[in-house]
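The values are calculated or read from the model by the stated rules, or taken from the named source; none is laboratory data. Everything numeric here is computed off the predicted structure, so don't read it as measured data. As a convention, Cβ positions derive from the backbone with ideal geometry for all residues, glycine included, and neighbour counts pool all protein chains shown. The accessibility values were calculated without ligands, DNA or RNA, using every heavy atom of the protein model including side chains. Shrake-Rupley method; radii C 1.70, N 1.55, O 1.52, S 1.80 Å.
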Amino acid sequence: MRFDPLPAEDCLIDSHCHLDAPELAPDVDGVAARARAAGVGQLLVPAVMAGTFDDVLAMRERYGCWIAFGLHPIYLDRHLDEHLALLDEYLARHAPVAVGEIGLDFYLPELDPERQETLLVEQLKLARKHSLPVVLHVRRSVDRVLKYLREQKVECGIAHAFNGSEQQAQAFIRQGFKLGFGGAMTYSGSRRIRALAATLPLSSLVLETDAPDIRPEYAQDAPNEPFQLARFVEVLAELRGMDTAPLRRALRDNTLAALALR
């Protein structure tokens, strides 16, 4: 069972899914099969550290999914300076669709901000070198991430799990980025996220699960899976007051544009 190289117009795309995560490993074939049965035509699997580069390659070989390579800020203690050279090599040799998951996380106090910023800047430089979009982790760091995107002139990619203000959303859009919405949008108490999902330009939105994380409100007792996109698109359609068919087509086109695939 494989995903489509270029999904059909009515297919959903999970723009952020950790298919290689240990939580999904016991039934990863089932995870992929349930996604396809729910109308998910493709998904993007981003690496989070050098030790998972080969894992995401294996996911592409097995399922035909899109992949990205990057050094995630949360795993800061596992990143060595030489991993940047390894990342450069993998980007050159293995044709990923993006550099990611990269970014800044200022929520966890144990993560050294200066070291995070150094790694982010170097990875943005690699994205420019290889003419690739970026998939961003942005937690309590939106303005700082935007600063480095502007400085490095990186103008294509996805701000994953967007949770900023409307002003920050517009800044990302002006920078050429799409904004990822998913499980958090299903919580009735997530008023700001739901308002943004409802009112931001449709052309700026992509769907994601972040599986196995960011579980939806209605399914908190099991790891998140990409098949949930079928429900997420219904939630988004209700928030925006539109039919699901044109929404699915727009989201598919937005994801292809965010990853420079069209």
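Number of residues in segment 128-140 that are touching a strand residue (DSSP E or B) at 6+ places or on another chain (Cβ under 7 Å) and surrounded by fewer than 23 Cβ atoms within 10 Å (Cβ to Cβ) equals 1. Filtering segment 191-218 to residues that are open to solvent by less than 30 Å² (accessible area, probe 1.4 Å) and assigned to a loop (DSSP other than H, G, I, E, B) leaves 200, 208, 209, 210, 212, 216.
The residues of segment 28-56 that are in a helix (DSSP H, G or I), open to solvent by 10 Å² or more (accessible area, probe 1.4 Å) and either farther than 22 Å from residue 90 by Cβ or in contact (Cβ under 8 Å) with a residue 40 or more places away in the chain (or both), listed by number, are 29, 30, 33, 34, 36, 37.
What about residue 25, is it in a helix (DSSP H, G or I), within 19 Å of residue 210 (Cα to Cα), open to solvent by 10 Å² or more (accessible area, probe 1.4 Å) and of a type in the set (Gly, Ala, Ser)? So residue 25 passes the test. Of all residues in segment 94-112, exactly one satisfies the criterion of being open to solvent by 60 Å² or more (accessible area, probe 1.4 Å) and closer than 19 Å to residue 150 by Cβ, namely 106. For segment 1-19, a residue qualifies if it is surrounded by 23 or more Cβ atoms within 10 Å (Cβ to Cβ) and charged (D, E, K, R), and exactly one does: 14. Scanning segment 1-19 for residues that are assigned to a loop (DSSP other than H, G, I, E, B) and under 14 Å from the mean Cα position of the chain (by Cα) gives 15, 16, 18, 19.
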